[in-house]
Amino acid sequence: MAFFSFGSKKGKVKKMLESDQIQMVVEDAARDKKVREALFELLQDSNPGIVGDALLTLTMVMDSNPDVIKPHLNEETVKRLLGLVESRNPYVRENAMILLYRLAKDLPDVTRKYWELFMKEAERVLREGDLNQKGFMLVLIGEFGIKELEGLVKEFVNVEDKVILPFEGKRWVKLGDIAKETLEKLV
(Lines give C-alpha, C1' and ligand atoms only; values in the text may rest on other atoms or scores of the structure.)
Protein backbone atom coordinates (compact mmCIF):
# COMPACT_ATOMS: atom_id res chain seq x y z
CA MET A 1 0.00 0.00 0.00
CA ALA A 2 1.26 3.45 -0.87
CA PHE A 3 2.45 5.70 1.91
CA PHE A 4 0.14 8.50 0.77
CA SER A 5 -3.30 7.20 -0.11
CA PHE A 6 -5.19 10.36 -0.93
CA GLY A 7 -8.20 10.50 -3.22
CA SER A 8 -10.33 7.80 -4.69
CA LYS A 9 -9.35 4.16 -4.97
CA LYS A 10 -11.81 3.67 -7.81
CA GLY A 11 -9.14 2.82 -10.41
CA LYS A 12 -7.38 0.33 -8.16
CA VAL A 13 -10.64 -1.36 -7.13
CA LYS A 14 -11.82 -1.52 -10.75
CA LYS A 15 -8.56 -3.21 -11.79
CA MET A 16 -8.95 -5.71 -8.96
CA LEU A 17 -12.53 -6.51 -10.05
CA GLU A 18 -11.38 -6.87 -13.67
CA SER A 19 -8.74 -9.36 -12.43
CA ASP A 20 -11.34 -11.47 -10.58
CA GLN A 21 -9.95 -10.48 -7.17
CA ILE A 22 -13.41 -10.01 -5.66
CA GLN A 23 -12.55 -11.75 -2.37
CA MET A 24 -9.55 -9.45 -1.90
CA VAL A 25 -11.75 -6.41 -2.58
CA VAL A 26 -14.27 -7.72 -0.02
CA GLU A 27 -11.53 -8.00 2.60
CA ASP A 28 -10.18 -4.52 1.78
CA ALA A 29 -13.69 -3.01 1.78
CA ALA A 30 -14.45 -4.45 5.22
CA ARG A 31 -11.52 -2.43 6.59
CA ASP A 32 -11.17 0.57 4.31
CA LYS A 33 -13.78 3.31 3.84
CA LYS A 34 -12.10 4.47 0.61
CA VAL A 35 -12.51 1.02 -0.95
CA ARG A 36 -16.21 1.03 -0.02
CA GLU A 37 -16.56 4.53 -1.51
CA ALA A 38 -14.89 3.25 -4.70
CA LEU A 39 -17.36 0.38 -4.91
CA PHE A 40 -20.28 2.80 -4.71
CA GLU A 41 -18.62 5.03 -7.34
CA LEU A 42 -18.31 1.99 -9.62
CA LEU A 43 -22.09 1.57 -9.62
CA GLN A 44 -22.00 4.27 -12.31
CA ASP A 45 -19.35 2.57 -14.45
CA SER A 46 -20.06 2.11 -18.15
CA ASN A 47 -19.10 -1.59 -17.99
CA PRO A 48 -22.07 -3.63 -16.69
CA GLY A 49 -19.69 -6.39 -15.56
CA ILE A 50 -17.94 -3.95 -13.22
CA VAL A 51 -21.29 -2.63 -11.93
CA GLY A 52 -22.48 -6.20 -11.27
CA ASP A 53 -19.19 -7.09 -9.56
CA ALA A 54 -19.40 -3.95 -7.38
CA LEU A 55 -22.94 -4.90 -6.34
CA LEU A 56 -21.87 -8.49 -5.62
CA THR A 57 -18.88 -7.26 -3.61
CA LEU A 58 -21.03 -4.89 -1.53
CA THR A 59 -23.40 -7.78 -0.77
CA MET A 60 -20.45 -9.93 0.30
CA VAL A 61 -19.19 -7.12 2.56
CA MET A 62 -22.64 -7.05 4.15
CA ASP A 63 -22.28 -10.78 4.92
CA SER A 64 -19.45 -10.00 7.30
CA ASN A 65 -20.57 -6.62 8.65
CA PRO A 66 -23.65 -4.82 7.30
CA ASP A 67 -22.98 -1.78 9.49
CA VAL A 68 -19.89 -0.76 7.47
CA ILE A 69 -22.15 -0.16 4.47
CA LYS A 70 -24.62 2.02 6.35
CA PRO A 71 -22.62 5.31 6.29
CA HIS A 72 -22.43 5.10 2.50
CA LEU A 73 -26.18 4.90 2.01
CA ASN A 74 -27.75 8.22 1.15
CA GLU A 75 -30.77 9.15 -0.93
CA GLU A 76 -28.76 9.31 -4.16
CA THR A 77 -27.23 5.87 -3.57
CA VAL A 78 -30.58 4.29 -2.70
CA LYS A 79 -32.11 5.79 -5.86
CA ARG A 80 -29.21 4.41 -7.91
CA LEU A 81 -29.65 0.92 -6.41
CA LEU A 82 -33.38 1.01 -7.13
CA GLY A 83 -32.63 2.15 -10.69
CA LEU A 84 -30.21 -0.73 -11.23
CA VAL A 85 -33.08 -3.16 -10.65
CA GLU A 86 -34.31 -1.99 -14.06
CA SER A 87 -31.02 -2.66 -15.83
CA ARG A 88 -31.27 -4.59 -19.07
CA ASN A 89 -28.19 -6.55 -18.00
CA PRO A 90 -29.30 -9.59 -15.94
CA TYR A 91 -26.05 -9.69 -13.91
CA VAL A 92 -26.54 -6.08 -12.80
CA ARG A 93 -30.29 -6.46 -12.25
CA GLU A 94 -30.01 -9.63 -10.14
CA ASN A 95 -27.16 -8.32 -8.01
CA ALA A 96 -29.05 -5.05 -7.42
CA MET A 97 -32.08 -7.07 -6.29
CA ILE A 98 -29.97 -9.17 -3.94
CA LEU A 99 -28.26 -6.13 -2.40
CA LEU A 100 -31.55 -4.26 -1.90
CA TYR A 101 -33.12 -7.35 -0.34
CA ARG A 102 -30.19 -7.63 2.05
CA LEU A 103 -30.55 -3.94 2.95
CA ALA A 104 -34.22 -4.56 3.74
CA LYS A 105 -33.35 -7.55 5.93
CA ASP A 106 -30.17 -6.35 7.63
CA LEU A 107 -30.56 -2.56 7.84
CA PRO A 108 -34.21 -1.78 8.63
CA ASP A 109 -33.24 1.69 9.90
CA VAL A 110 -32.14 2.57 6.35
CA THR A 111 -35.56 1.46 5.15
CA ARG A 112 -37.23 3.75 7.67
CA LYS A 113 -34.99 6.67 6.73
CA TYR A 114 -35.89 6.39 3.03
CA TRP A 115 -39.46 5.14 3.51
CA GLU A 116 -41.05 7.66 1.13
CA LEU A 117 -38.51 6.90 -1.59
CA PHE A 118 -39.06 3.13 -1.31
CA MET A 119 -42.83 3.56 -1.25
CA LYS A 120 -42.94 5.83 -4.33
CA GLU A 121 -40.56 3.62 -6.27
CA ALA A 122 -42.46 0.45 -5.36
CA GLU A 123 -45.73 2.01 -6.49
CA ARG A 124 -44.17 3.21 -9.76
CA VAL A 125 -42.67 -0.20 -10.54
CA LEU A 126 -45.93 -2.02 -9.76
CA ARG A 127 -47.64 0.22 -12.31
CA GLU A 128 -44.90 0.46 -14.98
CA GLY A 129 -42.27 -2.25 -14.47
CA ASP A 130 -41.90 -5.57 -16.22
CA LEU A 131 -43.11 -8.77 -14.53
CA ASN A 132 -39.78 -9.56 -12.84
CA GLN A 133 -39.45 -6.01 -11.51
CA LYS A 134 -43.02 -6.18 -10.20
CA GLY A 135 -42.28 -9.51 -8.53
CA PHE A 136 -39.20 -8.08 -6.84
CA MET A 137 -41.09 -5.00 -5.65
CA LEU A 138 -43.79 -7.24 -4.20
CA VAL A 139 -41.08 -9.06 -2.23
CA LEU A 140 -39.65 -5.72 -1.00
CA ILE A 141 -43.09 -4.41 -0.06
CA GLY A 142 -43.52 -7.47 2.14
CA GLU A 143 -40.07 -7.09 3.70
CA PHE A 144 -40.52 -3.37 4.29
CA GLY A 145 -44.10 -3.80 5.48
CA ILE A 146 -45.47 -1.07 3.19
CA LYS A 147 -49.15 -1.43 4.14
CA GLU A 148 -50.03 1.70 2.18
CA LEU A 149 -49.65 -0.34 -1.03
CA GLU A 150 -51.84 -3.25 0.09
CA GLY A 151 -54.61 -2.32 -2.37
CA LEU A 152 -52.18 -2.30 -5.27
CA VAL A 153 -50.66 -5.62 -4.14
CA LYS A 154 -54.15 -7.20 -4.15
CA GLU A 155 -54.42 -6.43 -7.88
CA PHE A 156 -51.70 -9.04 -8.52
CA VAL A 157 -53.19 -11.94 -6.52
CA ASN A 158 -54.73 -13.62 -9.57
CA VAL A 159 -51.85 -13.02 -11.99
CA GLU A 160 -50.72 -16.38 -13.37
CA ASP A 161 -47.60 -15.08 -15.17
CA LYS A 162 -44.38 -16.51 -13.77
CA VAL A 163 -41.36 -14.46 -12.77
CA ILE A 164 -37.71 -15.23 -12.21
CA LEU A 165 -36.11 -13.67 -9.13
CA PRO A 166 -32.57 -14.30 -7.85
CA PHE A 167 -33.74 -15.79 -4.56
CA GLU A 168 -34.07 -19.38 -3.48
CA GLY A 169 -37.62 -20.55 -4.02
CA LYS A 170 -38.43 -17.56 -6.25
CA ARG A 171 -37.54 -18.89 -9.69
CA TRP A 172 -40.50 -19.46 -12.00
CA VAL A 173 -43.03 -18.44 -9.38
CA LYS A 174 -46.45 -17.04 -10.22
CA LEU A 175 -46.68 -13.30 -9.62
CA GLY A 176 -49.98 -13.98 -7.84
CA ASP A 177 -48.26 -16.32 -5.37
CA ILE A 178 -45.70 -13.64 -4.52
CA ALA A 179 -48.55 -11.13 -4.04
CA LYS A 180 -50.33 -13.55 -1.66
CA GLU A 181 -47.13 -14.04 0.33
CA THR A 182 -46.66 -10.27 0.50
CA LEU A 183 -50.21 -9.73 1.74
CA GLU A 184 -49.59 -12.28 4.55
CA LYS A 185 -46.60 -10.20 5.68
CA LEU A 186 -48.68 -7.00 5.62
CA VAL A 187 -51.28 -8.33 8.10
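The table for this structure:
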{"quantity": "Nearest 10 degrees, 0 to 90: helix 115-128 Cα axis against the chain principal axis", "calculated": "60 degrees"}
{"quantity": "Rounded D (µm²/s) - the chain, Kirkwood Rh over Cα pairs, Stokes-Einstein at 25 °C, 0.890 mPa s", "calculated": "143 µm²/s"}
{"quantity": "Rounded to 10°, Cα long-axis angle of helix 90-106 versus longest principal axis of the chain", "calculated": "80 degrees"}
{"quantity": "From phi via Karplus (6.51, -1.76, 1.60), per-residue ³J(HN,Hα) for region 144-150 in Hz, x at Gly/Pro", "calculated": "7, x, 7, 5, 4, 9, 4"}
{"quantity": "1.4 Å probe accessible area per residue over the chain, in Å²", "calculated": "52 Å²"}
{"quantity": "Rounded if a/c under 1.5, otherwise prolate or oblate - region 135-187, Cα gyration tensor axes", "calculated": "oblate"}
{"quantity": "Ranked by how many other beta carbons lie within 10 Å on average, peptides 62-69, 22-29 from highest", "calculated": "22-29, 62-69"}
{"quantity": "Geometric extent, Cα atoms of region 67-157 - Rg, Dmax (angstrom)", "calculated": "12.4, 38"}
{"quantity": "Folded to 0 to 90 degrees: helix 48-64 orientation relative to the chain principal axis, Cα", "calculated": "90 degrees"}
{"quantity": "Carbon plus sulfur fraction of accessible area for the chain, probe 1.4 Å, in percent", "calculated": "49 percent"}
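The values are calculated or read from the model by the stated rules, or taken from the named source; none is laboratory data. Bear in mind that the values here come from a model prediction, so they are computed numbers and not experimental data. Every residue, glycine among them, receives a Cβ derived from its backbone with ideal geometry; neighbour counts consider all protein chains shown. All accessible areas refer to the heavy atoms of the entire protein, side chains included, with ligands and DNA or RNA removed. Shrake-Rupley method; radii C 1.70, N 1.55, O 1.52, S 1.80 Å.
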